[in-house]
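The values are calculated or read from the model by the stated rules, or taken from the named source; none is laboratory data. It should be emphasised that the depicted structure is a prediction, and the values quoted were computed from it without experimental measurement. Counting neighbours? That spans all protein chains shown, and the Cβs are built from the backbone with ideal geometry, glycine included.
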2 protein chains.
Amino acid sequence: MSLRSQLLKGVLEGCILSIINRQSTYGYELSVRLQEFGLSDVSEGSIYPILLRLQKEKLIEGTMQKSDLGPKRKYYHLTEDGQHALREFMEQWENIKLPVDNILNKGGETD
Amino acid sequence: MSLRSQLLKGVLEGCILSIINRQSTYGYELSVRLQEFGLSDVSEGSIYPILLRLQKEKLIEGTMQKSDLGPKRKYYHLTEDGQHALREFMEQWENIKLPVDNILNKGGETD
DNA sequence: AGATGCTACCTTGCATAACAAAGTAGCTTA
DNA sequence: TAAGCTACTTTGTTATGCAAGGTAGCATCT
């Protein structure tokens, strides 16, 4: 019922899980990271709702920490469930990437 | 405003454009093709609405043709706009695939 | 003729994802 | 105290994909 069968919705979610898994981080920095990776269209309006959703699903946990400059930051890290979900997502990404590549690349050939 | 900035929503749409571009086809067969490619979760409830949408957006055109067996089929082919959209989609797919791969694969390394 | 089953298309309604926009608040610098 | 950056949150909108159900043509079997 909640096994994501929708094609690719949730790629952002998976990317966020992966980045957090690599190193505990917070929303604002996440948006910078994603941009660095080349996902430049991603806005905070997308990121924070996802973080809240992941939190509610117990895939990540956040703790407030003071920062030198500016307001406190909410640092997130993956839970066990989150790591499991990340692994699942990575599999699904592979399972979808291949067919899509095949469909798109074999543009003019007859079998 | 309509330049798809959403991350990956619409991959199905792009795949359908690509398959139709390769060879004029109709909805029912499309679902078989997608399955053959490995996108087995895709149901008619997804395909036909997309075909109608693409039609409305003038990316594809359909013509009814009699079939030897069973009811008439609606064969679709791409319009010029459709071919343009397909090219755009393929670029976007590449632009997103790379970052996502990078984010997912470099799971444990520190730069 | 009637029933079943496959082909083939279409529609309605729902869940969810991503986004824009706006709001809140802390800290710094001028 | 005003401006500007950091940082988080919420609300409302759009669009995607799907399940479910409906319509209908044709073939086959009984």
Query raised in the report: Quick check: anything in region B:7-24 surrounded by fewer than 16 Cβ atoms within 10 Å (Cβ to Cβ), within 12 Å of another protein chain (Cβ to nearest Cβ), more than 25 Å from A:R87 (Cβ to Cβ) and modelled with pLDDT of 90 or more?
Result: yes
Query raised in the report: Which members of region B:30-54 meet the condition of being more than 14 Å from every other protein chain (Cβ to nearest Cβ) and within 8 Å of DNA strand C (Cβ to nearest atom)?
Result: B:E44, B:Y48, B:L51, B:L52
Query raised in the report: List, please: which pairs have Cβ atoms under 7 Å, are six or more places apart or on different chains, and start with a residue in region B:84-104 that is in a helix (DSSP H, G or I) and end with one that is among the polar types (S, T, N, Q)?
Result: B:L86/B:S18; B:L86/B:N21; B:I103/A:S18; B:L104/A:S18
Query raised in the report: Taking A:E91, is it more than 10 Å from DNA strand C (Cβ to nearest atom) and either within 21 Å of B:L104 (Cβ to Cβ) or not acidic (D, E) (or both)?
Result: yes
Query raised in the report: Of all the residues that make up region A:33-57, how many are more than 8 Å from DNA strand D (Cβ to nearest atom) and touching a residue at least 24 places away in the same chain (Cβ under 8 Å)?
Result: 7
